[in-house]
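This is the structure, below, for whatever I ask next.
Read the figures in this text as sums done on the coordinates, not as results from a lab. Predicted model, so just to flag it, every value in this text is computed and none were measured. Ideal geometry is used to build each Cβ from the backbone, glycine not excepted, and the neighbour counts take in all protein chains shown.
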Amino acid sequence: MKLFLVCVLLCFTCGAFATIHTVTLSGLSFVPANITIQQGDTVRWVKTGGVHNVSEVSAVPIFRSGNPTGSPFTYDFAFNAPLEGLYNYQCEVHAASGMVGTVTVEAPAPCLTPEQVALKWEADDQVTLYWQAPQDGNYDIYATADGTHDVPPPGGGWTLLSTVAAVTGPAETLITGLVDQQFFVIIQNCRR
Ligand SMILES: [Cu+2]
């Protein structure tokens, strides 16, 4: 008898490893001035000359390198959950001269729960998954036969069953060629 379990539905993006994005303080500019990153990434501001600082623009800055200084510095800030969206920042000395920048933080799709995926057997080796994309995008559907999922796909013994492009809202995905063993399935939202 075949046992098909929808076990884990992850909510991280492809390349789930945190990235460091470097912004250089150059003259009276941040270079690049506007960057888009994934939640969990770090922005590293590097200053070699001049009297500057880095300060998010709000009454209580979410990130701030410290008071303006003439000393070189490297300032790291990790944009971890729940931070997302647009952050304006400035050099407090030179904001009026246009020394400003933005960081846009893209958050991963919300998690699906196993209850949000329905199964319908079409044949002994075919099943249709009925699910709802938490946000528009491309989805990879992975399965593992041994039930282990400590290492997220694409590594860790996962098999890519299907790639579904440009999903908006409800989705039906037919999976064919299942073998007679226990499957766990992951539907992974990939920002591509
Ligand atoms: Cu400055």
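Which of the residues spanning segment 68-104 are away from the ligand (no atom under 13 Å from the Cβ) and of a type in the set (Val, Ile, Thr)?
Correct list: THR74, THR102, VAL103, THR104.
In the list ALA18, ALA59, ALA81, which residue meets the criterion of being free of Cβ contacts under 8 Å to residues at least 12 places away in the same chain and among the aliphatic types (A, V, I, L, M)? Break it down into steps so the answer makes sense when it comes.
On the way: ALA18 fails: free of Cβ contacts under 8 Å to residues at least 12 places away in the same chain; ALA81 fails: free of Cβ contacts under 8 Å to residues at least 12 places away in the same chain.
Testing whether each residue is free of Cβ contacts under 8 Å to residues at least 12 places away in the same chain and among the aliphatic types (A, V, I, L, M) leaves just ALA59.
How about segment 35-60: which of its residues are away from the ligand (no atom under 16 Å from the Cβ), more than 15 Å from the chain's Cα centre (by Cα), part of a loop (DSSP other than H, G, I, E, B) and not β-branched (Val, Ile, Thr)?
Matches in segment 35-60: SER58, ALA59.
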